[in-house]
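J.: Structure incoming, see below.
The values are calculated or read from the model by the stated rules, or taken from the named source; none is laboratory data. Just so we're clear, the structure is a prediction, and the values are computed from it rather than from any experiment. Cβ placement follows ideal geometry from the backbone for every residue including glycine, while neighbour counts extend to all protein chains displayed. The accessibility values were calculated without ligands, DNA or RNA, using every heavy atom of the protein model including side chains. Shrake-Rupley method; radii C 1.70, N 1.55, O 1.52, S 1.80 Å.
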Amino acid sequence: MTDTSLSSSPLSAGPRTSLTLLGTGAMGTALGRAWLAAGHPLTVWNRTPGRAGALAAEGAAVAGSAAEAVAANRLVVACLLDDASVGEALKDADLTGRDLVNLTTGTPGEARARAAWATKRGARFLDGGIMAVPPMIGAPGAYVLYSGDGGLFEEHREVLAVPAGTEYVGADPGLAALHDVALLSGMYGMFAGITHAFALVRGEDVDLKAFAALLVPWLNAMSGMAHGAAERLESGDLTTGVVSSLAMQVAGTGTLLRTAGEQGVSAELLTPFLELMRRRLADGHGEEDTTGLVEMLRG
Ligand code: NDP
């Protein structure tokens with residue numbers, strides 16, 4: 001296959017960068033669809049060929065192998081299951097002169113190792129963490145965190161911005177994955193709280209939809225405490241601006257646990273966090289809020 005970079009789009013006067021997409025699973029298909037809709041010539045490859053059919057029907061060229069797909073375009077986007085799949089898919093591909101954008105979820109360490117691996121094989125490398133689910137792709141609100149080669153990012157920023165907004169977080173290729181996993185970890189903490197809250201009220205004379213209508217704005221308001229936490233951690237002074245002291249909060253945790261007991265609800269989602277709060281208080285940090293727990297976790 002020949003390099004078809006910068007071929008003309010029939011949909012608009014301007015040229016559209018052509019690109020290759022490796023992986024047409026749920027996310028890859030959503031990404032590919034957005035690029036095709038915007039007039040970008042797209043070559044796709046998927047390990048199971050039948051799964052590339054939807055994008056082929058919308059105009060994508062289907063390559064017979066990953067190596068062939070990589071040969072088709074300078075810009076190559078991988079959206080595969082995990083880091084091991086990326087190594088496996090690209091083991092026979094010639095990456096010389098390619099710009100590899102890896103939108104496969106992985107750890108910061110995996111991203112750094114994959115960057116070194118790609119650079120050694122003659123490619124520029126950008127890692128990405130997708131902060132969206134497939135139906136959000138192409139709609140406002142979706143964005144991708146990027147880190148790695150800043151030149152690659154600037155050069156391809158426009159085409160990368162087609163399926164989702166772009167947020168470049170630094171030259172260290174591990175930073176996008178680190179941000180991605182940190183944001184996801186924050187989300188699971190919130191899911192744990194939502195789960196416990198519903199367990200408390202379920203089975204009582206409570207309209208669950210009305211309850212959700214109270215819970216969502218409450219969580220939104222409380223999540224704003226992250227700004228104060230960031231300020232305190234950056235300044236190193238963990239007591240300035242505290243409005244809910246740890247001493248007060250720990251005193252109140254008994255009420256949370258007794259209520260769980262009264263409702264017959266396991267407190268297993270709450271107790272690890274409450275236990276950290278108690279230990280921090282016992283260490284003499286009652287004037288702080290929960291920000292000091294960050295220092296405990298980092299050991
Ligand atoms: P899918 O399970 O739908 O697709 C996985 C893709 O990886 C398929 O193309 C699959 O090929 C391919 N694959 C798996 N193993 C290998 C391998 N050993 N060699 C080559 N190809 C392989 O997952 P998604 O598309 O949903 O996810 C893709 C990436 O996007 C993941 O890293 C995920 O974490 C990330 N992501 C997904 C989100 C989501 O909500 N879906 C949200 C944010 C990020 P085959 O068809 O042959 O199995």
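J.: Can you tell me how many residues in the stretch 88-109 are near the ligand (Cβ under 10 Å from one of its atoms), open to solvent by 40 Å² or more (accessible area, probe 1.4 Å) and hydroxyl-bearing (S, T, Y)?
T.: The qualifying residues number 1.
J.: So which pairs qualify, if the first residue must be in the stretch 110-139 and within 14 Å of the ligand (Cβ to nearest atom), the second must be open to solvent by 60 Å² or more (accessible area, probe 1.4 Å), the Cβ gap must be under 6 Å, and the two must be at least 6 apart or on different chains?
T.: Here the result reads M131/Y143; P134/A26, each pair linking the stretch 110-139 to a residue that is open to solvent by 60 Å² or more (accessible area, probe 1.4 Å).
J.: Do you know which residues across the stretch 110-120 are surrounded by 15 or more Cβ atoms within 10 Å (Cβ to Cβ) and not acidic (D, E)?
T.: A111, R112, A113, R114, A115, W117, A118, T119
J.: If you don't mind, there's one more thing I want to ask. Could you list all residues from the stretch 1-49 that are at pLDDT 95 or above, open to solvent by 40 Å² or more (accessible area, probe 1.4 Å) and either among the aromatic types (F, W, Y) or within 16 Å of the ligand (Cβ to nearest atom) (or both)?
T.: Selection gives A26, R33, R47, T48.
J.: Looking at the stretch 68-76, is at least one residue modelled with pLDDT of 95 or more and either hydroxyl-bearing (S, T, Y) or near the ligand (Cβ under 9 Å from one of its atoms) (or both)?
T.: No, the stretch 68-76 contains no residue that is modelled with pLDDT of 95 or more and either hydroxyl-bearing (S, T, Y) or near the ligand (Cβ under 9 Å from one of its atoms) (or both).
J.: A further question on this structure: Which residue, of Y188, Y168, is in contact with a Gly (Cβ under 8 Å, 6 or more places away or on another chain), open to solvent by 60 Å² or more (accessible area, probe 1.4 Å) and not acidic (D, E)?
T.: Criteria check complete, one pass: Y168.
J.: Can you report the number of residues in the stretch 234-266 which are open to solvent by less than 60 Å² (accessible area, probe 1.4 Å) and in contact (Cβ under 8 Å) with a residue 60 or more places away in the chain?
T.: Number of matching residues: 2.
J.: Of L126, L145, L175, which residue is open to solvent by 10 Å² or more (accessible area, probe 1.4 Å), aliphatic (A, V, I, L, M) and under 15 Å from the mean Cα position of the chain (by Cα)?
T.: L175
J.: Could you list, in sequence order, the residues of the stretch 279-294 that are among the hydrophobic types (A, V, I, L, M, F, W, C) and either assigned to a loop (DSSP other than H, G, I, E, B) or farther than 16 Å from G236 by Cβ (or both)?
T.: L281, A282
J.: Consider the stretch 54-82. How many of its residues are surrounded by fewer than 18 Cβ atoms within 10 Å (Cβ to Cβ) and within 13 Å of G32 (Cα to Cα)?
T.: 6
J.: Check every one of the strands (runs of 3 or more DSSP E) wholly within the stretch 110-176 and list those with 2 or more residues that are in contact with an Asp or Glu (Cβ under 7 Å, 6 or more places away or on another chain).
T.: Correct list: 124-131, 143-148.
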